[in-house]
Amino acid sequence: MPRSPSPSSSPPRGGGDESPTVAKRDSSVRKARRVIDLVPKLVIEVLRDGAAQARSHVHQGEVCRIGTHSSNHLVLSDPAVSRFHCKLTRDGSIWRVEDNGSLNGTMLDGVRIRHAELAAEGVLVVGDCRLCVRPVEGTDEVSLPNTRAFGSIVGASVAMRKLFAVLEKVAASDINVLLAGESGTGKELVAAEIVQRGPRAEQPFVIVDCGAISPSLVESELFGHVRGAFTGADRDRVGAFEAAEGGTLFLDEVGELPIGLQPKLLRALEAREIRRLGETRARKVNVRVIAATNRDLEREINRGRFREDLYFRLAVMNVRVPSLRERIDDLPLLVRSFVGSLRSERGDLFTPQVLAELAEHDWPGNVRELRNYVERTVVLQEPQPAGKRLVGAPAGIDVRIPFKIAKDAAVDAFERGYVTVLLDDAAGNVSRAARNGGMDRMYLHRLIQKHGLRNRDQDVD
């Protein structure tokens, strides 16, 4: 997990002869200043929803969830709609539509999609419901903290300031938190900062990586076992819940938990008690749980791979950690931070030209990938191309990026390139392109929507 430098290694905020009193006062002034941001807004006209009457819904916020479950922002009554059917997410100046693995799918302007970009307005069909969606200019303002760090987490972009504003409130509470975000965004670091500012700061902080434990050992890891509970259990063992007594348990990659174990975790959260493997006596526990995942758990619920009741028990507060692509303005600040944490004086390696080139990179590994890049550059004492491969590795392969991230990026790049050439060869005619490529026409439409490609001419059969 990428980590920013500790406060002791941060660059000084003022002159070297500044007194502690003045520094403290200036810091308070900086903290008091706020940044104003407009809240994005959507107007959704529900034209058809089973027997329900047509209605209008106005949504304010970065994410609008649609489905039949009462926790969605727009709740539909049509039985053909899934519990967490789809969502609209603000990405910079545009809105994106994403299907959550729904049973009957999501259509945008007549095309079935998984991911797609919303134009000036669009018509969504979810199940048997028909929705007219129109983004409008937000007028409501939100005040954001004008700060460049939250403990050891650095960032001055609007996305990070919004995150800091939420974390300030979350840290002061004692509720369970679910941190969502791509791999490498720093979710473990966020969890640590929440704990350090919370009421359990002086108590144990226990980390369990649910994705790195054999499924047969996860229950013992969480709840412990007694001697003889299973082959190899030659002594009693305290589980993570007991080890974190009075403090915080961080469940990293909680989406990887086997479905059979999820009811036991749910009971532990609801009853605040656990039973060691091989033991009948229940033990009371007092633990705050912070969970993290890079999976879309609402999608996993629709697919039957994650329990809905467990999701809501974990996500009392749902916090999304932005990807590096969403906060690319923070790149120079992050680079300086990582150079400082390495106790290096070679910040001059990262010239404006180098930083501009780095800003063009997709950073599929997020902040973790950026930190690895900075470390390579400092060690080799010269700027390195982003995504530079190891000597002897096949072209295009960077083994510093996790396999799943690298694979997904390679598949996306292939799809985008293939479909682009296919459409060019067919002069933009989707039907002809599908025939030439030996693929289903609707599947080609989905790829076009997924990658934001536009055919030049009308689609004529």
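The values are calculated or read from the model by the stated rules, or taken from the named source; none is laboratory data. What you see is a predicted model, and the numbers here were worked out from it, not measured in a lab. Heads up, the Cβs are rebuilt from the backbone with ideal geometry, glycines too, and the neighbour counts pull from every protein chain shown. To get the accessible areas, we keep the full protein, side chains included, count just its heavy atoms, and leave off ligands, DNA and RNA. Shrake-Rupley method; radii C 1.70, N 1.55, O 1.52, S 1.80 Å.
Table for the structure above
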| item | result |
| --- | --- |
| Ala229 vs. criteria over 16 Å from the mean Cα position of the chain (by Cα), part of a helix (DSSP H, G or I) and among the aliphatic types (A, V, I, L, M) | no |
| Search result, residues across segment 92-105 that are open to solvent by less than 60 Å² (accessible area, probe 1.4 Å) and farther than 14 Å from Ile301 by Cα | Ile94, Trp95, Val97, Glu98, Gly105 |
| Single residue of segment 187-211 satisfying the filter (part of a loop (DSSP other than H, G, I, E, B) and in contact (Cβ under 8 Å) with a residue 24 or more places away in the chain) that is surrounded by the most Cβ atoms within 10 Å (Cβ to Cβ) | Cys210 |
| Segment 349-389 - residue that is of a type in the set (Val, Ile, Thr) and open to solvent by 40 Å² or more (accessible area, probe 1.4 Å) and, of those, modelled with the highest pLDDT | Thr351 |
| Selected residue [modelled with pLDDT of 80 or more and not in a loop (DSSP other than H, G, I, E, B)] from Arg25, Arg83, Arg30, Arg65 | Arg65 |
| Of all residues in segment 258-277 being open to solvent by 40 Å² or more (accessible area, probe 1.4 Å), touching a Lys or Arg at 6+ places or on another chain (Cβ under 8 Å) and in a loop (DSSP other than H, G, I, E, B), the one that is farthest from Ser173 (Cα to Cα) | Ile259 |
| When residues of segment 86-114 are limited to those that are closer than 25 Å to Asp309 by Cα and in a strand (DSSP E or B), the one farthest from the chain's Cα centre (by Cα) | Thr106 |
| Output for segment 232-257, where each listed residue is in a helix (DSSP H, G or I) and more than 24 Å from the chain's Cα centre (by Cα) | Ala240, Phe241, Glu242, Ala243 |
| Failed item, numbered, when Glu62 is tested on (1) surrounded by 18 or more Cβ atoms within 10 Å (Cβ to Cβ); (2) closer than 28 Å to Arg161 by Cβ | (1) |
| Any hit, segment 325-343, residues being part of a helix (DSSP H, G or I), of a type in the set (Asp, Glu) and touching an Asp or Glu at 6+ places or on another chain (Cβ under 8 Å) | yes |
| Pick from segment 420-440, criterion part of a helix (DSSP H, G or I), buried (at least 16 other Cβ atoms within 10 Å of the Cβ) and of a type outside the set (A, V, I, L, M, F, W, C), ranking: farthest from the chain's Cα centre (by Cα) | Arg432 |
| Hits in segment 145-176 (condition: open to solvent by 20 Å² or more (accessible area, probe 1.4 Å), among the small types (Gly, Ala, Ser) and farther than 30 Å from Glu270 by Cα) | Ala149, Gly151, Ala156, Ala159 |
| Tally, over segment 115-161, of residues that are in contact (Cβ under 8 Å) with a residue 60 or more places away in the chain, assigned to a loop (DSSP other than H, G, I, E, B) and not β-branched (Val, Ile, Thr) | 11 |
